[in-house]
Amino acid sequence: MTIGVVVFPGSNCDRDVGWAAEGCLGLPTRFLWHEDRDLNGLDAVVLPGGFSYGDYLRCGAIARFAPVLEEVAEFAARGGPVLGICNGFQMLTELGLLPGALTRNSRLHFICEPTALTVRPGSCRWLSGYGENEEINLPIAHGEGRYQCEPSTLEAMEKSGQVVLRYRNNPNGSVGDVAGLCNPGGNVLGLMPHPERACDPRTGGLDGQRLFASLLG
Amino acid sequence: MGRAWLWSPPSDPFKLDLALAKGEHGLPRFNKRPGCLVPRFHARVLVSLRPSVLDPAGEATRAATSRLGVEGVSRLRIGKAVELEIEAPDADTARSRVELLSDRLLANPVIENWELELNEIAANGADLPA
């Protein structure tokens, strides 16, 4: 089991993910440069948080055209587990692997704080270690995390169980309190909170650890 | 020094006038015979948030209008304008290329609408009327 962590110019959570996976759980991690195309030998891919390519134009809009993401999209289509955290979630929506878009927080502030969430894992393989309606705490750190989509899209995703993470006290104005979404196949998860920052007891909380531990089966 | 030796303007001003008289516009190309010009187009893509999408930055700006003493601003939405120049054999080709860019890169159709203004650029650098 090896996890690939994509490093874009401007990523700043790549090493945190490496520490959470390899340092805390002993899951071997390989860093992938944004121009790499070789995903051979990887069992899962993580798109980390940060400000890829400066997040010019829109968050994730330029990263979407990175060579590595073509391969990640194919990997996801073959059923490979893909996790997009924060900026990674924004990339997944720009790529069209998850519906909707992430926009400016309703109160304009960059929000950096622990946030209470409700998990509804359904068939999402990344969340198989959590109970139905379990309440967890994960930190958020974003200026553009207000999830936005057509009401009909939201309704369809709620019916099919794709809204797997919800804010208990919606901090950013997201429709439907959406904090994280899974694709219908259950292998692609995008979320704004940072599970990798809740894996080491020394830095606060362990609620994110089961997300990475799910890869161990 | 720089790259000045790569290309210098034709020494014969008559040649340029001839190009203008024939209605040829755009930049000379180094890899083609002298005097061969590729049309150049100026595009302005206006990207705006779709009406259904909340614009908190626009709202904050609108709140500031009355603080400046300007009353009656009932709606203020912030978008962006992207200016670009593109070489293409003709206006239709230029338009379809910029439309593709607008749809796939410059705007995200999930949350944004866009409009395109396209003009050919004359030899003197000014936009020709559409």
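The values are calculated or read from the model by the stated rules, or taken from the named source; none is laboratory data. These numbers were taken from a predicted model, which means no experiment stands behind them. Don't worry about glycine lacking a Cβ; one is built from the backbone with ideal geometry, like all the others, and counts go over all protein chains shown.
Values as computed for the structure displayed
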item	result
Count of segment A:1-23 residues which are part of a loop (DSSP other than H, G, I, E, B) and crowded, with 22+ Cβ neighbours inside 10 Å	2
Options A:44, A:73; residue that is within 17 Å of the chain's Cα centre (by Cα) and farther than 24 Å from residue B:110 by Cβ	A:44
Yes/no for residue A:132 being more than 15 Å from the chain's Cα centre (by Cα) and away from chain B (no Cβ under 14 Å)	yes
Filter result (surrounded by 15 or more Cβ atoms within 10 Å (Cβ to Cβ), of a type in the set (D, E, K, R) and more than 16 Å from residue A:188 (Cβ to Cβ)) within segment A:122-175	A:134, A:144, A:146, A:166
Which numbered condition residue B:93 misses (of (1) of a type in the set (Val, Ile, Thr); (2) modelled with pLDDT of 95 or more; (3) buried (at least 16 other Cβ atoms within 10 Å of the Cβ))	(3)
Tally, over segment A:203-217, of residues that are without any contact (Cβ under 8 Å) to a residue 24 or more places away in the chain and part of a helix (DSSP H, G or I)	1
Residue count, segment B:61-110 (criterion: without any contact (Cβ under 8 Å) to a residue 24 or more places away in the chain and farther than 30 Å from residue A:98 by Cα)	18
Set A:68, A:6: member being within 21 Å of residue A:93 (Cα to Cα), of a type in the set (Val, Ile, Thr) and under 14 Å from the mean Cα position of the chain (by Cα)	A:6
Boolean, residue A:92 is part of a strand (DSSP E or B) and crowded, with 23+ Cβ neighbours inside 10 Å	no
Residues satisfying the stated conditions in segment A:95-121, i.e. buried (at least 18 other Cβ atoms within 10 Å of the Cβ) and among the hydrophobic types (A, V, I, L, M, F, W, C)	A:95, A:97, A:98, A:101, A:102, A:117, A:119
Qualifying residue in segment A:83-90 (condition: more than 18 Å from residue A:5 (Cα to Cα), of a type in the set (Phe, Trp, Tyr) and under 18 Å from the mean Cα position of the chain (by Cα))	no
Top-ranked residue in segment A:176-202 [being without any contact (Cβ under 8 Å) to a residue 12 or more places away in the chain and charged (D, E, K, R); ranked as surrounded by the most Cβ atoms within 10 Å (Cβ to Cβ)]	A:177
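Quick grid of which residues meet (1) within 14 Å of chain B (Cβ to nearest Cβ); (2) closer than 21 Å to residue A:51 by Cα:
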| residue | (1), (2) |
| --- | --- |
| A:87 | no, yes |
| A:95 | yes, yes |
| A:154 | yes, no |
| A:166 | no, no |
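Residue-wise test of (1) modelled with pLDDT of 95 or more; (2) assigned to a loop (DSSP other than H, G, I, E, B).
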| residue | (1), (2) |
| --- | --- |
| A:88 | yes, no |
| A:107 | no, yes |
| A:141 | yes, no |
| A:153 | yes, no |
| A:157 | yes, no |
| A:161 | yes, yes |
| A:169 | yes, yes |
